[in-house]
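To keep things clear, I will list the structure first and then write my remarks on it.
The values are calculated or read from the model by the stated rules, or taken from the named source; none is laboratory data. None of the values given here were measured: they were computed from a predicted structure. All Cβ positions, glycine included, derive from the backbone under ideal geometry; neighbour counts span all protein chains shown. Accessible surface is based on the protein model in full, side chains and every heavy atom, while ligands, DNA and RNA are left aside. Shrake-Rupley method; radii C 1.70, N 1.55, O 1.52, S 1.80 Å.
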Amino acid sequence: MQRSHTSSWESEDAKLQENAQKFGTVKGVFSRCLLNIFGVIMFLRMGFLVSQSGILLSIVIILLCASVTFITTLSMSAIATNGQIKGGGLYYMISRSLGPAFGGTVGLLFGVGNAIATSMYLIGFAEVIYAIHPLFGADKLLNVRIISNLALLAETVLALLGGMKLVMRFSMVLLTFIVAVIVLIFVGSAYQLDAAHGIIGWQRGVNSGNFGKNAYSAFTMYDGIEYDFFQVLALFFPACTGIMAGANISSQLKSPSKSIPTGTLGAIGCTTLVYIVLVLVLGVICTREALRHNDVILQYVSVYAPLFLAGVFAATLSAAITSLTSAPAILKSVVDDNIVPILTPLCGHRDSDRQMMIISVCIACACNLLGSLNAVAPLITDFYLIAYGIINLACVCSSFSKSPGWRPDFLYFNKYLALCGSILCFVFMILSNLFYAIVALCIALLLYQYINWVDPDVDWGKVSESRQY
């Protein structure tokens, strides 16, 4: 008897020690989501958003994008509270809760989406370098292509050497620095005047009618693209992604079912508020022409321009290495489960880590050749919108099927709201770019049907099978 008590105490002590090494809501989810959401679009395209859409429609765009991520977070929270989460990140949660077809489709879409996101961050980094001083002549496109791919090479080497561990170790320091940069932008907006760069200040901005002029939309052609409401939405949407940062480390959270909903929803609320306030500030103190043509106008609004640039570099490079390491990890998880056999010969099993990294780098490199943030961001939007749409749709299917394995404890999940979220995702895709939407939807449908046709030998269960009971 004494021996069994000792064993029980030791087991309990081991559990307490393991739990002490895990993350809570703030550090594990809230801060990681903030670090992933605040990024290149906010620093380099918020002015462009206001110049095209005006203040009023910019706020509408922000709220629409936030509504999609909010509803998707509710669905993700339902998945997170559907039984005990042992780990494995977002793909693991979805595949084990909703079956291999939904899990495999979302996993592959997110894996490719992360690889494209790597390109977006590095193109943003290259655009800032070009704005400071062109390194390869006056051709912006050439500069961005070369600099972004050189940065990709450096990030790949760093990732292979374990650079992601440094990013995770100093994530709170990075977040603190980025938040400080944002605060300095708001502080600087109170007094900065720079007519040469289109910053006219609060008093003149209100008295001269600049606020009224910037209140309404003025969509124009830019870089060969004829912008409208949904084109601008597609450009801005990546600024609201990053909500899966907490779910991706579910195995490292003390209480995933509590931390994921609370931390993610808190981050969405915080970032949405910051975006809306920043739109109002820029709409008052900056002229429309300056907002449209100066990608780094925020450096002139900030208290100290060099610190702003350092913040952009920190945000873009840290986010790039995070995406570059996440993409192969997600893809490897799908391949290791052997639910998409067509990928097995391509990726293999013995050296799949390196092969997945090569695939991710090739995708990022190809996107870097586009040489424009405005061209890459809508691609990411399509991949994330269809993934979010599938997550919501999968939860709806599980709810209507009354599957015995679908019993989420999250009180605020609603199947009809999830259905609205799924419809919103698909509508935004179609209205932003019909061709990209059709291609993305066909890819997702083919993946889903292929996995169903393969019928992988797993014991997780499928949504479709639950209708038989």
- Task: Could you run through segment 288-329 and say how many residues are farther than 26 Å from Gly198 by Cβ and in contact with a Gly (Cβ under 7 Å, 6 or more places away or on another chain)?
- Result: 3
- Message: For segment 78-119, give me each residue that is modelled with pLDDT under 85 and polar (S, T, N, Q).
- Response: Thr81, Asn82, Gln84, Ser95, Ser97
- Residue match in segment 220-231 (condition: open to solvent by less than 10 Å² (accessible area, probe 1.4 Å), part of a helix (DSSP H, G or I) and either closer than 23 Å to Gly39 by Cα or in contact (Cβ under 8 Å) with a residue 24 or more places away in the chain (or both)): no
- Message: Condition first: farther than 19 Å from Leu153 by Cβ and in contact with a Gly (Cβ under 8 Å, 6 or more places away or on another chain). Now tell me which residues in segment 114-139 satisfy that.
- Response: none
- Restricting attention to segment 156-178, report how many residues are in contact (Cβ under 8 Å) with a residue 60 or more places away in the chain and surrounded by fewer than 16 Cβ atoms within 10 Å (Cβ to Cβ). 2
- Taking segment 398-418, which residues are under 17 Å from Ser67 (Cα atoms) and surrounded by fewer than 19 Cβ atoms within 10 Å (Cβ to Cβ)? Tyr412, Asn414, Lys415, Tyr416, Leu417
- Query: Just a yes or no: is a residue in segment 262-276 touching a residue at least 24 places away in the same chain (Cβ under 8 Å), more than 30 Å from Ala327 (Cα to Cα), surrounded by fewer than 24 Cβ atoms within 10 Å (Cβ to Cβ) and not basic (Lys, Arg)?
  - Reply: yes
- Item | Leu385 being closer than 23 Å to Val454 by Cα, touching a residue at least 24 places away in the same chain (Cβ under 8 Å) and buried (at least 24 other Cβ atoms within 10 Å of the Cβ) | no
- Message: Against the definition (small (Gly, Ala, Ser), over 19 Å from Val167 (Cα atoms) and touching a helix residue (DSSP H, G or I) at 6+ places or on another chain (Cβ under 8 Å)), how does Ala290 come out, yes or no?
- Response: yes
- Query: For segment 375-408, what are the residues that are within 22 Å of Ile41 (Cα to Cα) and in contact with a Lys or Arg (Cβ under 8 Å, 6 or more places away or on another chain)?
  - Reply: Ala377
- Filter segment 129-155 for residues that are of a type outside the set (A, V, I, L, M), farther than 18 Å from Leu307 by Cα, in a helix (DSSP H, G or I) and open to solvent by 20 Å² or more (accessible area, probe 1.4 Å) and give the result. Lys140, Arg145, Asn149
- The residue from Leu309, Leu317, Leu298 that alone is under 16 Å from Phe43 (Cβ atoms), of a type outside the set (Gly, Ala, Ser) and open to solvent by less than 10 Å² (accessible area, probe 1.4 Å) is Leu298
- Task: Check Val376 against each of (1) touching a Gly at 6+ places or on another chain (Cβ under 8 Å); (2) touching a residue at least 12 places away in the same chain (Cβ under 8 Å) and name the one condition it does not meet.
- Result: (1)
- Complete set of residues in segment 211-242 that are of a type in the set (Ser, Thr, Tyr) and closer than 18 Å to Val281 by Cα: Tyr216, Ser217
- Candidates Leu346, Leu324 - the one that is of a type in the set (A, V, I, L, M), more than 30 Å from Ile200 (Cβ to Cβ) and at pLDDT below 80: Leu346
- Task: Can you give me the ranges of the helices (runs of 4 or more DSSP H) entirely in segment 321-410 with at least 1 residues that are acidic (Asp, Glu) and within 15 Å of the chain's Cα centre (by Cα)?
- Result: 373-401
- Query: Of the conditions (1) over 26 Å from Leu385 (Cα atoms); (2) open to solvent by less than 20 Å² (accessible area, probe 1.4 Å), Val303 fails just one. Which one is it?
  - Reply: (2)
- Task: Return yes or no: is Ala190 open to solvent by 40 Å² or more (accessible area, probe 1.4 Å), modelled with pLDDT of 90 or more and either touching a His at 6+ places or on another chain (Cβ under 8 Å) or small (Gly, Ala, Ser) (or both)?
- Result: yes
- Residue hits (segment 193-202; outside any loop (DSSP other than H, G, I, E, B), touching a helix residue (DSSP H, G or I) at 6+ places or on another chain (Cβ under 8 Å) and open to solvent by 70 Å² or more (accessible area, probe 1.4 Å)) are Trp202
